[in-house]
1. Report the FRET efficiency, 1/(1 + (r/R0)^6), for residue 164 and residue 80, where r is their Cβ-Cβ distance and R0 is 35 Å, rounded to 0.05.
2. For Cα pairs less than 8 Å apart in space and 6+ apart in sequence, what is the mean separation divided by the residue count of the range 39-155, i.e. the relative contact order in percent?
3. Taking the Cβ of each residue in 47, 21, 179 as the centre, tally the other Cβ atoms inside 10 Å and list the residues starting with the fewest.
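Only the coordinates and a few stated rules stand behind these numbers; no lab work does. From a predicted model like this one, the values you see are computed outputs, not experimental measurements. Cβ: placed from backbone, ideal geometry, glycine included. Neighbour counts: every protein chain shown.
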């Protein structure tokens, strides 16, 4: 059953070590995409995700500008981050490994997301103060770790004792709410 991500309730987050001592967290809101999902046969899950790379947010404008620059995401030349699944493995009830192609800065690599299915519910759907529901929503939570150097995100600097400014390992989380809908325009609200 085709579902579209509700951008207001779907996001991708990341964290990287900074100066060897702490974590810096960032987010992408306004995540768009769709998934085909049948809880009776989750191995047929397929997902397509598109993120506007310019919408990176860490809460610090100067850092966000640096992340948008050619040193990191190079959004001028690579405005989108995408993920397209290609297979799913079950490893528990409601737990899946979703493999797919992640594209950052024009470089595509296969990654594996550990995904937990959070359930499906019939919920209200408010438009102009009127409940036009119920709408069937499904929730998913996923995580993975990538090496940013694999995607050409290579900027770094050194600190004392052989340290670096930004870790090569980036931990990614995804929280997705998908709405069963025949037209994607409804899910774009």
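1. E between residue 164 and residue 80, to the nearest 0.05, is 0.80.
2. Worked out over the range 39-155, it gives 20 percent.
3. On the way: 47 25, 21 8, 179 20.
Arranged by neighbour count, lowest to highest, 47, 21, 179 become 21, 179, 47.
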